[in-house]
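Step one of this worksheet: look at the structure below.
No lab work stands behind these numbers, since they all come straight from the coordinates. Predicted, not measured: the structure shown is a model, and the values here were computed from it. Here the Cβ positions follow ideal geometry from the backbone for every residue, glycine too, while neighbour counts run over all protein chains shown.
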Amino acid sequence: MMRASSQEWDGPDRSSSSSVTSLGINSSSLNTRSVRHRNHNGLIDSDHESKEELGLGDQPHIRESAIVALPETGRPIPGGGNAPPEGWGGDVDALPHRRRAQLKHRALWWLLHFLQVLVLAIIVILLMVAVGVPVSDNGVPQPGDYTQMEFNWKHDPRSYLSPMNPNFTDYNILLDAHLHTTYSDGVLSPKQVIEYSIANGFNAIIVTDHQTVAGALAAKEYAEKHHSDQITVITGMEYTCCRIHMNLIGINESVTVSPPFPSDEQLRDVINKVHDMGGMVIVNHIPWSNATLLPWNEPRLPNNPTREQLLDWGVDGFEVVNQNTFDLRSYQFVQQHADRLVALTGSDMHYPASSYAWTTINAPNRTAEAILDEIRNRRTSFLLDASGTSPVQDPPYNKDYFKYAPWGLVGDYFYGYADKYRGQYSFQGTFCQREIVDSHGAMMGWFFLWLVVSILVLEILYWFFRWLVLLVAHHIHRWLSSRR
């Protein structure tokens, strides 16, 4: 495209057309666009065509650098250079070197700016992973503040349920034989466990925290001081390993649990030790223990002993109802060996929820010894409500949860890019299955693709709205200027 030189016509009249007219040249026959010619340094330079060659004579008000294009003749024009090549038109020229350099510089600036934003975004994401993942693992408190929960209702299962054994209609004890407190992995304190049990219709409980009797002793002490006329607490613990979970009831000392995968002989030794301490051994939730766990496709508790093995080793009974699961096979097994085994039910309460089963006992009094004596003599039945009790309440929100939850949720989000399977916890610092990590490479690839697309869209939106704001500001400025 032909462009005007930085040099202009001399004289009072600066227009090209008037200057040309004064020379006797018809201005309508000229392309009045000026053109520049650059030397190898990119500066304006004349091709040194003389004004005489063009028939302009010695006109003092025309500089040699002034350029007027003649209409598509290809003839030399004032100020140097030739007309555009044939077929380009009189006002078309090759893109100047400086213009190309500017475009290259601008494209390079945009590329470097985009890479800078992309690198910054990746750094921010890595920082979020570095903080969010550990917080998600360890640092986020419970959403609910269970310390503030109260249980101020009274449920009576006798009013609508009948014992499983239709001949066992005379009973005075409603027992929950499996509960946890904050001394292991429960969320309720021993005090709250007592109040929760009373509210749901129990007048006797066996507190069985994992690997310790401390929670049971604390619950027993509280009940005797504050609710001795409402509930009886029997002490115990849940022996927890990767082969079996067993409630050791009627003991006041903790039994050492080790190793995570005990041998048959070691399990026999535990059973015999509990008997020597005056306690009993109840095998817990066999359906849960034998449930298939993915992705290993093996039981949750590998190599779980059979019922026949456990009977041979000397266990005293089986938990036939755990939460809302009725273990029919264990119940039938107990019935087949009624002279050696007792059936108990347990809520396995870790979080306050509905109650589903109550072990029924007819004891001469409500002391722990009298209740345990009836269990030893296998005189029990149970009530079962598969729908569960009502009401059920949620805890109020924990204020500290909101403080750390955003980072925890960030960690949870990035955990979604790889599935990490640990299996069942042994309660001895290890897990019962080998750890499996399954990374989703395709998902990661799509994440970075969408990240690039998002940055591009944001950049376009930013510069569009910037241009729009400047345009509006310009029009406002012009409007204000016109009103002055």
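To the nearest 0.05, what FRET efficiency results for LYS225 and ASN272 with a Förster distance of 41 Å applied to their C-beta separation? It would help to have the intermediate numbers written out before the result.
Numbers: r = 35 Å, r/R0 = 0.85.
Taking R0 as 41 Å, the efficiency between LYS225 and ASN272 is 0.75.
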Under the classification rounded if a/c is under 1.5, otherwise prolate if a/b is larger than b/c and oblate if not, where does segment 146-384 fall, given a ≥ b ≥ c as square roots of the Cα gyration tensor eigenvalues?
-> rounded
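What does the charge count around ILE271 come to, taking other residues whose C-beta lies under 12 Å from its C-beta (Lys +1, Arg +1, Asp -1, Glu -1)?
Details: positive: ARG268, LYS273; negative: ASP264, GLU265, ASP269, ASP276, ASP312, ASP316.
My count for the surroundings of ILE271 gives -4.
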Order of MET128, MET443 - criterion: other Cβ atoms within 10 Å of each residue's Cβ, fewest first = MET443, MET128
Around ALA418: net Lys/Arg minus Asp/Glu count, Cβ-Cβ under 14 Å | -3
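Quick one: TYR415, TYR171, TYR222, fewest Cβ neighbours within 10 Å first, how do they rank? Could you put the intermediate results ahead of the total?
Working: TYR415 15, TYR171 21, TYR222 18.
By the 10 Å Cβ count, ascending: TYR415, TYR222, TYR171.
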How do TYR239, TYR356 rank when sorted from fewest to most other Cβ atoms within 10 Å of their own Cβ?
-> TYR356, TYR239
Förster radius 56 Å - calculated FRET efficiency between ALA386 and HIS105, Cβ distance, rounded to 0.05 | 0.15
